[in-house]
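The values are calculated or read from the model by the stated rules, or taken from the named source; none is laboratory data. Note that this is a predicted model, so its numbers are computed, not measured. Using ideal geometry, Cβ is built from the backbone for each residue, glycine included, and neighbour counts are taken over all protein chains shown.
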Amino acid sequence: MRKHWVLMLPLVALTACSQHSDVAPPVPAPSSAASVTPTAEAATAAAFDGDAAVTAFRAYLREQALAVNAGVADPAHLPGFTATLTPAAQGWAVPLLAYNLGDEMPGPYPSGVLTSDRTAEDRVQLRVCLQDRGWQVDRATGEPVNAAHYGTATAVVVRAGDRWLVDDVVGDGGSCSASDVTVERF
């Protein structure tokens with residue numbers, strides 16, 4: 001059975017989100033965050049910066065976090081979120097979003113691209129590391145909802161016209177660590 005990471009990840013979108021979010025770009029975590037030395041895989045991942053499929057995947061994670069923070073799971077009020085997904089992906093991502101409402105996301109789930117495989121001109125398969133637990137916090141206490149956990153997943157990103165959209169994100173049971181992800185905060 002396939003395990004969609006979205007089922008593990010809180011989703012967030014603003015009620016006023018649009019295809020072009022007015023939210024400022026992500027800000028790197030403060031220097032007080034634990035220092036982690038990147039692995040060779042994480043260092044290689046920097047080579048994927050600027051890739052349209054990687055940018056689309058990161059936009060999905062960002063809009064997901066914004067939707068969770070806004071407490072909104074109605075696709076009609078999430079144009080920024082749904083604009084990052086294929087219609088098929090909306091079938092699993094919107095219910096996942098609803099499941100995760102109530103928590104607070106300090107930013108998009110920490111992630112890092114480990115590999116990228118262009119399987120067709122309009123299809124890219126990314127192997128990613130995600131902090132899939134321990135990122136979201138309780139709104140009342142500010143404490144993490146659970147202990148940090150990192151795992152690998154496969155993200156399929158497809159081109160639809162001139163846009164790249166997330167089509168699927170499925171955990172593959174692999175392990176990775178904090179050194180394989182980039183942390184961004186709102």
Original post:
What are the residues in the stretch 148-164 that are among the small types (Gly, Ala, Ser) and more than 18 Å from the chain's Cα centre (by Cα), if any?
Top reply: 160, 161
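Among 139, 163, 159, which is the only one that is out of contact with any Asp or Glu (no Cβ under 8 Å at 6 or more places or on another chain) and among the basic types (Lys, Arg)? Before the answer, list the steps.
On the way: 139 fails: out of contact with any Asp or Glu (no Cβ under 8 Å at 6 or more places or on another chain); 159 fails: out of contact with any Asp or Glu (no Cβ under 8 Å at 6 or more places or on another chain).
None of the other options fit; the residue is 163.
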Original post:
Filter the stretch 30-83 for residues that are within 15 Å of residue 114 (Cβ to Cβ) and among the aromatic types (Phe, Trp, Tyr); which is modelled with the lowest pLDDT?
Top reply: 48
Original post:
When you look at residue 59, is it in contact with a helix residue (DSSP H, G or I) (Cβ under 7 Å, 6 or more places away or on another chain), closer than 21 Å to residue 170 by Cα and either assigned to a helix (DSSP H, G or I) or of a type in the set (D, E, K, R) (or both), yes or no?
Top reply: no
Subject >> Complete set of residues in the stretch 133-186 that are small (Gly, Ala, Ser) and surrounded by 13 or more Cβ atoms within 10 Å (Cβ to Cβ) >> reply: 134, 148, 151, 153, 155, 171, 174, 177, 178, 179
Subject >> Failed criterion for residue 88 (all others in (1) surrounded by fewer than 18 Cβ atoms within 10 Å (Cβ to Cβ); (2) farther than 22 Å from residue 144 by Cα; (3) modelled with pLDDT under 95; (4) not polar (S, T, N, Q) hold) >> reply: (3)
